[in-house]
Amino acid sequence: MGKILLIDPGIQLKTKENVKFINRGLLSIATFLKSKGVEVQYFPWDFYVKEGMSETEIFFEIKKIIKENDIKISAISNLFIAETENTLKIARAIKDDFPDNISVIGGYNPTIMNQSLIKLKEIDYVIKGEGERTLHDLISAIEKGTSDNIPGVVSKSHDGEEREPGNLRKLPSLDYSILPRNYLLGNNPPQINLELTRGCYHNCSFCSVSRFWQKKVKTNDPGKIIKELKQLKMLGYKGAISIEESMVNFKLREVKDCFIKMAAFRNDFTFNYVVTRYDFIDEEGLGILDKVGFENLIIGLESASNKVLEKTNKHIDLIALEGVCKMAKKFKIKLNTFIIVGLPGETHETYKETLEFLSRLMEKELIYSIFPCHFQPYPGTQARKDLEEIGGTILTKEGNYFNWLMRGDPLVEYKNLSAKELKKMMDSMLNLNKKMGRNPIVEKLK
Ligand code: B12
């Protein structure tokens, strides 16, 4: 088997500072395959966009790589529903010129939508769930000519049984030297998310995570994280580091100790934000985050109406959450919250409750800024069922994947709340930030 091409279709987030992220899942797959002796080439679409290349020129570049390296398998990451259109466009362009090239896709959206995606002629295999071991098994089977009936793999003729996520600690620490040098080290380098855990114990109605990871939580070896930071420093990486995952619990000794070691790198990188749950934070943890130099802490609040929160199954106690905001005020790190506008069950009253709660906490300087997002009814989630049950309408087709982003227009509307009203709600959320003159994260990502 020759080289395998791993393609990151990039993220289309329109950001003022053109913030881009390394696709951690795809790099983990590349690292694992390399450790098993597979020759890999990593293609980050965003890098070529940043270089000012047009779409046609980028396709030309991909095809040149396939031709020159005689690549037989192209594996594309499709992490978000919002990037599916882009993913399929890439798969189609490759199939058009190289009909024998085998295309594989994996990530959140293909896992959930595998049965419809496998019907497309540009897709040969869909991998469900965690990708490292399954893609390696598929490659080995293709080599032997026995590629059917592999757990976790969907082919045109077979739907492989679900495969449990493996032991995260046994995967190698990421090898950043796989990435094109100019991408990792050039101007405006891509941001890096470190990974302390995979999966989630909770089962929030609007989220795809616990279903994807089969309600399991896998913890990483902190030693691997420190090894990654050492490699990044050695390579000369000068970008920003963040941690955004569902279950990183700053109350745990192992997590605290890992962050204490991270503080040794505070002058080497920018540590810009950490995302976690409000009930995973304590004073000691906040003090350690300050020592590392993290600028922002973001917690998922989603709504400040108990009626809406109950339906999300997120288990948030607003009084306890306010207590955490008070605790965080003693530290340098700024506390910000994610908010979802228009969750099923939202009414003018519930929205007013959320707005009042946020205004009050922002005025008291207990919340620095908010990060609102329109409700996105991902396929396979409970919130999507809730929306259908109350007669809500999805306004964008799944094919219009670019609409599934951030805070442009609402994706849904309800009998009691029109899209126009939801848009107005979003505007007043954003105004809360403006009024306080604080838009660090929102402005960056707008
Ligand atoms: C970090 C993160 C981001 C980061 C960086 C993403 C990146 N490029 O790495 C940023 C901030 C950019 C981001 C943005 C958004 N995100 Co986000 N993000 C995450 C988060 C928290 C972690 C992802 C991660 O790094 N996981 C760790 C790695 C190791 O796992 P992984 O990426 O899943 O990769 C594994 C598998 O997916 C699979 N796999 C992945 N690619 C491939 C490719 C192949 C070929 C194969 C075989 C397998 C495979 O194998 C990998 C290794 O096992 C997840 C939630 C979560 N806890 O997982 C949400 C999540 C992926 N995001 C989500 C969403 C919706 C968004 C936004 C649309 C947010 C918004 N509301 O607007 C934007 C979209 C940006 C855009 N398109 O422009 C959703 C996707 C839901 C869906 N069904 O589409 C998730 C699941 C959260 C949720 N709410 O449910 N996100």
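The values are calculated or read from the model by the stated rules, or taken from the named source; none is laboratory data. None of these values were measured; they are calculated from a predicted model. Every residue, glycine as well, gets a Cβ built from its backbone with ideal geometry; the counts of neighbours run over all protein chains shown. Protein only, heavy atoms only, side chains kept; ligands, DNA and RNA dropped before computing areas. Shrake-Rupley method; radii C 1.70, N 1.55, O 1.52, S 1.80 Å.
Data overview
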quantity: Residue in the range 380-402 that is touching a residue at least 60 places away in the same chain (Cβ under 8 Å) and in contact with a strand residue (DSSP E or B) (Cβ under 6 Å, 6 or more places away or on another chain) present; calculated: no
quantity: Members of the range 58-105 that are small (Gly, Ala, Ser), within 10 Å of the ligand (Cβ to nearest atom) and either in a helix (DSSP H, G or I) or in contact (Cβ under 8 Å) with a residue 40 or more places away in the chain (or both); calculated: Ser74, Ala75, Ser77, Ala82
quantity: Matching entry among Lys224, Lys218, Lys238, Lys256 (being of a type in the set (Lys, Arg), under 22 Å from the mean Cα position of the chain (by Cα) and under 28 Å from Lys314 (Cα atoms)); calculated: Lys218
quantity: Failed item, numbered, when Thr146 is tested on (1) within 18 Å of Ser208 (Cβ to Cβ); (2) not in a helix (DSSP H, G or I); (3) not aromatic (Phe, Trp, Tyr); calculated: (1)
quantity: Output for the range 208-222, where each listed residue is small (Gly, Ala, Ser) and in contact (Cβ under 8 Å) with a residue 40 or more places away in the chain; calculated: Ser208
quantity: Residue within the range 416-432 that is within 16 Å of the ligand (Cβ to nearest atom), assigned to a strand (DSSP E or B) and either under 28 Å from Glu322 (Cα atoms) or modelled with pLDDT of 90 or more (or both) present; calculated: no
quantity: So Thr84, is it loosely packed, with under 14 Cβ neighbours inside 10 Å and of a type outside the set (Asp, Glu); calculated: no
quantity: Selection from the range 226-255 of residues that are part of a loop (DSSP other than H, G, I, E, B), over 16 Å from Thr197 (Cα atoms) and open to solvent by less than 20 Å² (accessible area, probe 1.4 Å); calculated: Tyr237, Gly239
quantity: Single residue of the range 191-209 satisfying the filter (near the ligand (Cβ under 9 Å from one of its atoms) and not in a strand (DSSP E or B)) that is nearest to Glu51 (Cα to Cα); calculated: Glu195
quantity: Checklist (1) under 20 Å from Ile299 (Cα atoms); (2) within 16 Å of the ligand (Cβ to nearest atom); (3) at pLDDT 95 or above applied to Pro344, failing item; calculated: (1)
quantity: Residue that is nearest to the chain's Cα centre (by Cα) [pool: residues in the range 289-336 that are more than 19 Å from Asn203 (Cα to Cα) and of a type in the set (Gly, Ala, Ser)]; calculated: Gly293
quantity: Condition met for Ala141 (surrounded by fewer than 24 Cβ atoms within 10 Å (Cβ to Cβ) and more than 8 Å from the ligand (Cβ to nearest atom)); calculated: yes
quantity: Single residue of Gly10, Gly2 found to be over 18 Å from the mean Cα position of the chain (by Cα) and in a loop (DSSP other than H, G, I, E, B); calculated: Gly2
quantity: Close pairs (7 angstrom Cβ cut-off, 6 or more residues apart or separate chains): farther than 16 Å from Lys34 by Cβ in the range 114-143, among the acidic types (Asp, Glu) anywhere; calculated: Lys128/Glu162; Gly129/Glu162
quantity: Scope the range 67-103; condition touching a Ser or Thr at 6+ places or on another chain (Cβ under 7 Å) and more than 18 Å from Gln12 (Cβ to Cβ); matching residues; calculated: Ser74, Ile94, Lys95, Asn101, Ser103
quantity: Only listed residue being open to solvent by 70 Å² or more (accessible area, probe 1.4 Å) and modelled with pLDDT of 95 or more, chosen from Asp100, Asp148; calculated: Asp100
quantity: Enumeration of residues in the range 256-271 that are open to solvent by less than 20 Å² (accessible area, probe 1.4 Å) and under 22 Å from Asp175 (Cα atoms); calculated: Cys258, Phe259, Met262, Phe265, Phe269, Phe271
quantity: Helices (runs of 4 or more DSSP H) completely within the range 263-372 that count 1 or more residues being closer than 30 Å to Leu184 by Cβ; calculated: 283-292
quantity: Complete set of residues in the range 321-365 that are open to solvent by 30 Å² or more (accessible area, probe 1.4 Å), over 19 Å from Val274 (Cα atoms) and either of a type in the set (Val, Ile, Thr) or touching a Leu at 6+ places or on another chain (Cβ under 8 Å) (or both); calculated: His348, Leu355
